[in-house]
Amino acid sequence: MIKLITRRLLFLVMVIWAASTIVFFIPRISTKNPVRERFAELARAGGFAPADMEKIIASYSTKFGLDKPLWQQYTDYMASIARFDLGVSYNKYPKTVIGLIMDSLPWTIVLLLVTTVLSFVIGNLLGAVAAWPRAPQWVRTIATPFILLQGVPPVLMGVLLLFFIAFKLKMAPLGGAYSTGVIPNWSSPAFVWDVVWHQILPGLALLLGTVGGWTLSMRGMGITIQGEDYVNFAEHKGLGPYTIFRDYYLRNALLPQATGLALALGSVVSSAIVIESQFGLPGLGRVLDAAIRSNDFMVIYGVVLFVTIAVATLMVVMEFVYPLLDPRIRNE
Amino acid sequence: MTPVLQVKNLQVSYYTDAGRARALDGVDITLEAGEKLGLVGESGSGKSTMALAMMRMIKPPGRIEGGQVIVDGTDLITISDNDMLKARLSKIAYIPQGAMNSLNPVIRIGAQMMDAIKAHQDQSTAEWISKAEMEKRCKQALASVDLNSTVFKMYAHELSGGMKQRVCIAISILLRPNVIIADEPTSALDVVTQRQVMETIDRVQEQIGAAVILIGHDMGLMAQFVDKVAVMYAGRLMELSTVRQMFTDPKHPYAQALIRSLPNLENKGVFNGIPGMAPALLQLPGGCAFHPRCVKAMEICTTVRPEPVTLSSGQILECHLYSEKA
Amino acid sequence: MTSVSLAQPEIIQPSRITLFLRYLRRNKGLTIGLFILLLLVVFTVYGLATADLKHAYPISVKSKQPPSWEFPLGTDFFGRDLYVAMVVGLKETAIIGLLAGALGTLIGVVLGFISAYFGGFLDTAIKGICQILTPIPALLMQVIIAGSLDKRDVTIYTMAFVVVLLAWMGPTLVIRAQVLTMKERQFVSVAKLSGMGDLGIIFSEILPNLLPFIAAAFVNQVFYSVFASFYLAVLGLGPLREPLLGNTIWAAQGQSAFFNNWWWWPLAPAVALVLILGSLALINMGMDELANPRVRKTE
């Protein structure tokens, strides 16, 4: 057991190491010092030059050790990562990267969790039914449009929903976490509803963009499981179609899908981030988007690293959950 | 005494892209309670299709096209889908070939046995039994196949191949069916386990008095276990005789060739195969299906399909050689 | 002993084309997907051959025109003929998709194969690298990479390259899994026993059986590549001058196209993208059947 945990932890460390290393070497692609460049641009555009500009440039240089030999830069960088020190945002100085992330995280987490769970449940159920030959025909035909939805990535879905439903039909708010001019008051149910109301469209965009993937993969899985001997034998036993569907087919097909859940979350995050900026939600997406626009490298790298670590951790956690679901791995 | 199983003129075809394959072409079988029938034939002869058809589990592109399967007075081909569900396991049960994968890996053995009973519960309210009673029955079934009641709580992957096969046998007798079909139950097992499994089937069959159809191609196994042997070829029944008759005095040329091909201790090293290949079911030869490979083929064999004929010895044959002698 | 006639009756098999067409009729998903794709190809090829490709770039025609006879898809803020822009954009998306897709699949096949066939340290290393790189959010990484590049260096080829960088792990693991199961199966052992060398086994025994999976992986990779390049372009990280689908939408959003009622501007690339990804998804679904013969229904 201890061996298992250490192996998983080692995996986690390796992933973080790999991600940080990649993130470390990317700025090396371009030869210029991005911080200085950015400030030069800002200065050209409108004379914006914060008083402690040199201090910021210096901190950046220290962090990425642009003045030190490469190997030392690398070890310093790794050391600071280990300390959970992701640096400071130079655009929103002196806010730390971690600070920015933590402020915006709750919004993103709620959106992601709800949509991912819903997408998983709906998509898998639909896929399972679509592959089941004894399911009524109308249900199976519904699945195809859902699979087609894969053709509309969440980012595009966001654009379309914003335009058609929010703008043209005026059926949903145009964006923002809550209506403008409203003072946040979490103890007021009216406010909470307002927030939820504003989450519906972005949530829908994410949901519709991801559900197709689950439907397709579950359908494939379902087809494989159907051919298994135990499904056949269940029929020989005279079990009713619903029982076979639930206990022999669905339960076995869902297991491999569950492993994909953590990974799916990782990929949805990327889309969620763009959706958040489209709908003006104050989540991680907004932070990252602002950072990209202003070339705030520290924030960009910090967010990406954070997301990577979160996803990797989730994957490791899932590995422990999996044996609980599949008795075959329990005693390994 | 009415026979417990009557199969009359069963016909099954498969419709593929390349055409229609007649997997079963008019098969008749009668069994009394407690009788054991061995069904032998080459691959593609139709024996497995027979089993599936009797359980009414032929799936598209296959179709049952005609005939009757009467078990205990009920024709399984004509009853409703719902009634067929109830009939499975309670009237006619099936022991699968590869038990390796026939048990659901994620639920316990006990649960898999209980759900079979539960599915047949509302057949008649008089039969309603409590959960505790159901569990008792399951454990009794396990005991009759020589398995410890601890197996009830175990998962499929914790059992050996032989144990899994015996669980399948236990499941098949849970509702005391009239007919049990064992589809090559020992193919995937070693000889020692084979014997165990066959003895188990023998024992439970005696206990509940069911008729057994044993499908396979191991003639040695047949010789030790069954009362009668039916030889199938290209979806047709060539010969039906008692075990003794089949091994000492087979009448049909195909059956004769089969017996002759069995390795003989006296004639070591001599192997008598049957030249030629089984016909593709997509295009059966006219007349008797075996005539292209038959050493005694006559003119009539190429054009007219022989009608089943019962000899004085009780043997039933589909062969022109005997049509006149009847 | 009378002679035994051994001649087998002739089975008249319908020609291969007929069987293929009958199959297409049953597998509607695959057929529709292929059909849509074919339409797109015809559209693009026709456009490439007949239109003035310069009009896909800014300041070529009158701007902000709604769809009309002269400009079937309208024009955008910058003076591009959207019809021509779509044609060129589709061509370029196709290049990225096919290039990145093929590259990703190739890497996957080679690495997955080596890993599974030769096993040992190589296997652990390759599998380990794949597993470690997988949780890294590829799209985000691509954003960083694309963002770090000098704007002038971004072309459709660099985009394809960026997309492949973190996409090859999927096919590698899939192919590896398949080859592993094949290694266990008897036909490989039999081939080895009959004296076939490694290369012989690879090409004559394993590869043919791998083909459905390689094909499926390829479709998947193309899908992902189109998706990822769209994602990058929509964020403004693509080769901005080119009329890539994502670029067009990015530009449209930047000019608040919807709110200015230039609805046709983002609509064309949106529809095009949905058609591409949708048809690929359908083909993917249809190919499930090919790889899994149990699915086939005939009646």
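Observations on the model:
- Residue order, fewest to most surrounding Cβ atoms within 10 angstrom, among A:Trp186, C:Trp264: A:Trp186, C:Trp264
- Cβ-based net charge around B:Gly216, under 10 Å, with every Lys or Arg adding one and every Asp or Glu removing one: -2
- Under the criterion of Cα pairs below 8 Å and six or more residues apart, the relative contact order for chain B equals 21 percent.
- The spacing between segment B:287-326 and segment B:220-286, judged by their C-alpha centroids, is 15 Å.
- Computed lengthening from A:Val117 to A:Met102, 0.36 nm per intervening residue step minus Cα-Cα distance: 3.2 nm
- In loop segments of segment C:203-261 as defined by DSSP, the chymotrypsin sites (Phe, Trp or Tyr not before Pro) with at most 13 further C-beta atoms inside 10 Å of their C-beta are C:Phe259.
- Order of A:Asp289, C:Asp52 - criterion: other Cβ atoms within 10 Å of each residue's Cβ, fewest first: C:Asp52, A:Asp289
- Relative exposure of B:Ile58, B:Ile171, judged by other C-beta atoms within 10 Å (fewest first): B:Ile58, B:Ile171
- Cross-link pairs beyond the 23 Å C-alpha cut-off, checked among B:Lys118/B:Lys228; B:Lys91/B:Lys139; B:Lys47/B:Lys296; B:Lys139/B:Lys228; B:Lys47/C:Lys28; A:Lys3/B:Lys153: B:Lys118/B:Lys228; B:Lys47/B:Lys296; B:Lys139/B:Lys228; B:Lys47/C:Lys28; A:Lys3/B:Lys153
- Placing a pseudo-label 7 Å from each Cα along the Cα-to-Cβ vector at B:Ser313 and C:Leu39 gives an inter-label distance of 7.1 nm.
- For B:Thr16, the residues 5 or more places off, or on other chains, whose built amide H falls under 5 Å of its own are B:Ala21.
- Cα-projected label distance for C:Phe161 with B:Lys8, points at 7 Å along beta-carbon direction, nm: 8.0 nm
- Where only DSSP H runs of four or more residues are counted, the protein assembly as shown gives -18500 deg cm²/dmol as its mean residue ellipticity at 222 nm, each run worth -39500 (n - 2.57).
- Two-site FRET efficiency, B:Ser80 against B:Ile208, from Cβ-Cβ distance with R₀ of 30 Å, rounded to 0.05: 0.70
- Taking label positions 7 Å along the Cα-Cβ direction at both C:Ser204 and B:Met100, the computed distance is 2.7 nm, reported to one decimal.
- Both radii are taken from the alpha-carbon atoms of segment A:110-165; with Rh as the Kirkwood radius, Rg/Rh is 1.06.
Read-outs: derived from the displayed coordinates by stated rules, not from any lab. It should be emphasised that the depicted structure is a prediction, and the values quoted were computed from it without experimental measurement. Here the Cβ is made from the backbone with ideal geometry for all residues, glycine too, and neighbour counts use every protein chain on show.
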